Amino acid sequence: GERQLRRLFREHLGASPVAVAQTRRILLAKQLIHETRLPMTEVAFAAGFGSIRRFNETFLSLFGRAPSNLRRLGGPDIAAAAEGEFSLLLRYQPPYDWPAMIEFLRRRAIPGVESVVEQCYSRTMELDGVHGSVSVTPALSNALRARICFPNLSSLPIIIARLRRVFDLAADPRSICAHLAKDSTLAPLIVKRPGLRVPGAWDGFELAIRAVLGQQITVASAVPLAGRLVAAHGVPITSADRHLTHVFPTPNVLAIADLTALGLPKSRAATLSAVATAAVADPDLFGATRSLEEAVRRLRAIRGIGEWT
């Protein structure tokens, strides 16, 4: 309940949930002021504030100066970007095995939706019916640089959260390695490969479709199948990146599509349809509100989803 949540926040963080959320918003706004040339109005809404007045009041109370004054204090000379485009840094605790991460993503990139060119990962996205794209490259000072092209700035916190999940940026590798190194088998492996991260998923439904496509075949064989699915049922978009041509199909589209035309076995096409139908019936099917055990039980209730999946 709400009372328990507030008590735990006070006990462990010394602040209320509202205060923590407000601090996160203001820190994102501060980063946008330093790293972009977005107008202050757009900074406020991108950081999650409902009004400019509230944004200015909160900024004054925490930093003792107006947001515009902070930008005038200086910072890096940032080149102006096209409307709806900007870049910012996503920081992490070192070490970070970037080559392992980018190779994992390269081998699994869905044609039309994702691409990996040299050291740059790019993908399309759809949030609340709005389309855009993002690209991520390594940067200096223990950070990745995200270049975001998306017209709805209020979705920025969601985009950042998803990117941090995909690249596992919240991990604390030193404490993880210290714990795992207690095992005699793991200890020498950790020394050889410092900074390994667990790649995450941009979207739960997209990952579920990948998993079904990959049943009984290799990763290399599943990727072209995913590309055919996207080309047939994804929404075409215009992008400066020639590799990015579509957004991944939504559950509503795949639930009613004839997927046997993709050259899939009938049983696998039926499973794809069943997953899409389940996602339409339960929009929170891949949300974080269930425990792992509950989520597994719910997914295994879908026809064609078994222990391996």
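The values are calculated or read from the model by the stated rules, or taken from the named source; none is laboratory data. Worth saying up front: this structure is predicted, and the values here are computed from it rather than measured. Please note: Cβ atoms are built from the backbone with ideal geometry, for glycine as well, and neighbour counts cover all protein chains shown. Note: areas computed on protein heavy atoms with side chains; ligands, DNA, RNA excluded. Shrake-Rupley method; radii C 1.70, N 1.55, O 1.52, S 1.80 Å.
Yes or no: Leu264 more than 20 Å from the chain's Cα centre (by Cα), assigned to a helix (DSSP H, G or I) and not aromatic (Phe, Trp, Tyr)?
no
So which residues in segment 96-130 are in a strand (DSSP E or B) and among the hydroxyl-bearing types (Ser, Thr, Tyr), if there are any at all? Can you show your working first?
At the first step, the residues of segment 96-130 found to be in a strand (DSSP E or B) are 112, 114-117, 120-127, 130.
Passing the criteria: Ser115, Tyr121, Ser122, Thr124.
When only residues in segment 240-264 that are among the polar types (S, T, N, Q) and modelled with pLDDT of 95 or more count, which is most open to solvent (accessible area, probe 1.4 Å)?
Here the residue is Asn252.
Read through the list (1) more than 15 Å from Leu207 (Cα to Cα); (2) at pLDDT 95 or above, then give the number of the only condition that Ser267 fails.
Only one criterion is unmet by Ser267, namely (2).
Select from segment 25-52 the residues that are part of a helix (DSSP H, G or I) and free of Cβ contacts under 8 Å to residues at least 12 places away in the same chain and write down the one among them that is least open to solvent (accessible area, probe 1.4 Å). Please lay out each step first, then the result.
Keep residues of segment 25-52 that are part of a helix (DSSP H, G or I), which gives 25-35, 40-46, 52.
This time we only want the ones that are free of Cβ contacts under 8 Å to residues at least 12 places away in the same chain, so: 27, 41.
Working: Leu27: 96, Thr41: 70 Å².
In this case the residue turns out to be Thr41.
Identify the single condition in (1) over 22 Å from Met125 (Cα atoms); (2) without any contact (Cβ under 8 Å) to a residue 60 or more places away in the chain; (3) small (Gly, Ala, Ser) that Ala255 does not satisfy, given that it satisfies every other one.
(1)
Looking at the structure I just gave you, is Ala222 small (Gly, Ala, Ser), in contact (Cβ under 8 Å) with a residue 12 or more places away in the chain and not in a loop (DSSP other than H, G, I, E, B)?
Details: small (Gly, Ala, Ser): yes; in contact (Cβ under 8 Å) with a residue 12 or more places away in the chain: yes; not in a loop (DSSP other than H, G, I, E, B): yes.
Criteria met by Ala222.
Across segment 267-309, which residue is least open to solvent (accessible area, probe 1.4 Å) among those that are closer than 21 Å to Arg228 by Cβ and part of a loop (DSSP other than H, G, I, E, B)?
If we filter segment 267-309 for residues that are closer than 21 Å to Arg228 by Cβ, which is where we start, we get 267-277, 279, 304, 309.
Next, from what is left, pick out any that are part of a loop (DSSP other than H, G, I, E, B): 304, 309.
Working: Gly304: 42, Thr309: 59 Å².
Ranking the qualifying residues of segment 267-309, first place goes to Gly304.
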